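The values are calculated or read from the model by the stated rules, or taken from the named source; none is laboratory data. All figures in this text were calculated on a predicted structure; none of them were measured in a lab. Cβ coordinates were reconstructed from backbone atoms using ideal geometry, including for glycine residues, and neighbour counts include every protein chain displayed. Side chains included, ligands, DNA and RNA excluded: accessible areas come from the protein's heavy atoms. Shrake-Rupley method; radii C 1.70, N 1.55, O 1.52, S 1.80 Å.
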Amino acid sequence: MQQTTVGVSLVGCGSARLPTILSNADLSKMVETSDEWIATRTGIRQRHIAMEQDSLSSLAASAGATALEMSALSPEEVDLIILATSTPDDLFGSAAQVQAHLGATRAVAFDLTAACSGFVFALVTAAQYMRLGVYQTVLVIGADVLSRWTDWSDRRTCVLFGDGAGAVVLRASDRDRLRGFEMRSDGALNGCLTLPYQSESADLVEGKTSQQGTFAPVSMNGKEVYRFAVKRVPEIIEKALFRADLTTKDIDWLLLHQANQRILDAVANRLDIPAERVISNMSRHGNTSAASIPIALDEAVRDGKIKPGDVIASSGFGAGLSWGAAVFEWG
Ligand code: UT7
């Protein structure tokens, strides 16, 4: 097969609308916490949560549909859908359901699991197919419904997360707007942030058992993950910038996974990026895992903050542990 090297453009974005809001005041009725504690330690004031009618795949499809609309493309034009999620409706994968919801009949679709790094990993994965000339139009979606797996009696974690879905449309182009990337994993630190399978042994026949169970709620060593993030995220952004032959001075926007406002501030500080160039929607959405970067991107583009040609340094980080950065030009 003849291979042509082409580039990638980001031509549209979208996010799902989740009208139900869980405020810090609501949480203080559920656990021993306060708006003051949550706001000062995390920057979060509220988060959106999925209701009974909101499946992971319906949210992801809604984000994908708005991204396609902005791109003026029809679902039939999509070649590939990558759904970054850790909370699928079906452990066999939810991307094919998204494909069906959208009517993207030509597209192959698969899930990619990398927790809060999922969107960056999916963006980079999609770009490789496109650079090889295999696919021309790709929908990358980050979606998570962590409310399903939150321990609502654990104040250390339940105040952090929200649900959501965001998407971008990539198109093959002559000039590559994904300027540089870097991705890392460290499974030795897996225990710092987990949503593990827990099971009991059930006898099948003598000497043979099956392990049946479900997933435990999210558990996190917040301090460890915080330390990891403020050290590793600036490093990986510097590496991605190096690959792009750019420096922090060339960045128009710093777009980090929205985990904690203090992490956003610390990373920006280390990279010497002024606060007005840092995208944050922490206060309104909390941590939406794989969805946080594309939701924040979508809001900033629709607000007219991010403009075509702007250089964006994005970074996802979290469970795995995993972390990654992608430097790209919008539009
Ligand atoms: O998306 C994946 C990536 N995740 C992250 O990046 C999260 C990284 N970690 C963090 O953002 C922070 O560590 C947290 C926001 C999770 C916690 O903030 P912290 O400043 O590290 O607080 P802490 O865990 O050290 O807790 C300080 C105190 C403790 O009380 P004592 O032991 O000092 O008496 C906690 O029990 O705050 C207490 N506390 C709370 N108090 C009121 C913990 N959670 C709460 C709460 N409300 N919700």
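If you rank MET70, MET30 by how much accessible surface each has, with a 1.4 Å probe, what is the order from largest down? The partial results should precede the final answer.
Values: MET70 70, MET30 90 Å².
My answer, sorted largest first, is MET30, MET70.
Note on TYR197: accessible area approximately 110 square angstrom, rounded to 10, probe 1.4 Å, nucleic acids and ligands left out.
Considering only alpha-carbon pairs that sit under 8 angstrom and 6 or more positions apart, the relative contact order computed for the chain is 25 percent.
Dipole magnitude for the range 95-206: computed about the Cα centre from +1 point charges on Lys and Arg Cβ and -1 point charges on Asp and Glu Cβ, it is near 800 debye.
Karplus-based coupling profile of the range 72-89, in residue order and whole Hz: 6, 10, 8, x, 5, 7, 7, 8, 8, 10, 10, 9, 7, 7, 10, 10, x, 6, with θ = phi - 60° in 6.51 cos²θ - 1.76 cosθ + 1.60 and x standing for Gly or Pro.
Number of Lys-Lys pairs in the chain with C-alpha atoms under 21 Å apart and a separation of 8 or more places or on different chains: 6. Using a probe of 1.4 Å, the accessible surface attributed to SER9 totals some 10 Å² when neighbouring protein chains are kept in position. Overall, the accessible surface of the range 1-120 at a probe of 1.4 angstrom is composed of carbon and sulfur to the extent of 52 percent. Long hydrophobic helices in the chain, taken as whole DSSP H segments with a C-alpha length of 30 Å or more on their own axis and mean Kyte-Doolittle hydropathy at least -0.5: 222-243. Calculated on the Cα set of the range 7-176, radius of gyration then Dmax: 17.3, 55 Å.
Per the Debye formula on identical point scatterers at the alpha carbon atoms of the range 51-102, with no solvent, log10 I(q)/I(0) at q = 0.24 Å⁻¹ is -0.92.
Here is the P(r) of the range 189-331: all C-alpha pair distances, binned every 10 Å from 0, give 11, 37, 27, 12, 8, 5, 1 in whole percents. If you average the alpha carbon positions of the range 270-289 and of the range 15-92, how far apart do those two centres end up, in angstrom? First find each Cα centre; the distance between them is then 17 Å.
When +1 charges are put on Lys and Arg Cβ atoms and -1 charges on Asp and Glu Cβ atoms, the dipole computed for the range 7-176 relative to its Cα centre reaches about 340 debye. Phi-derived couplings, Karplus 6.51 cos²θ - 1.76 cosθ + 1.60 at θ = phi - 60°, listed residue by residue for the range 178-185: 7, 7, x, 8, 7, 9, 9, 9 Hz, with x used for Gly and Pro. Exposure check, 1.4 Å probe, all protein chains in place: LEU264 carries approximately 0 Å² of accessible surface. Taking every alpha-carbon pair under 8 Å whose residues sit at least 6 apart, the range 7-176 reaches a relative contact order of 35 percent.
GNM on the chain, alpha-carbon springs under 10 angstrom: the most fluctuating residue among ALA100, ALA61, ALA126 is ALA100. Comparing LEU123, LEU254, LEU112 along the charge dipole axis of the chain, the residue lying farthest to the positive side is LEU254, per the Cβ-charge model. Taking every DSSP helix (H) stretch of at least 4 residues in the chain, weighting each as -39,500 (n - 2.57) and dividing the sum by the residue count yields a mean residue ellipticity at 222 nm of -9500 deg cm²/dmol. Within the chain, what is the longest stretch that has no GluC sites (Glu not before Pro) placed in a DSSP loop and near at most 11 other beta-carbon atoms within 10 Å? Counting at most 11 other Cβ atoms within 10 Å as exposed, the longest clean stretch of the chain is 53-205. In the chain, one over the average inverse separation of all distinct C-alpha pairs is 20.0 Å, which is the Kirkwood hydrodynamic radius.
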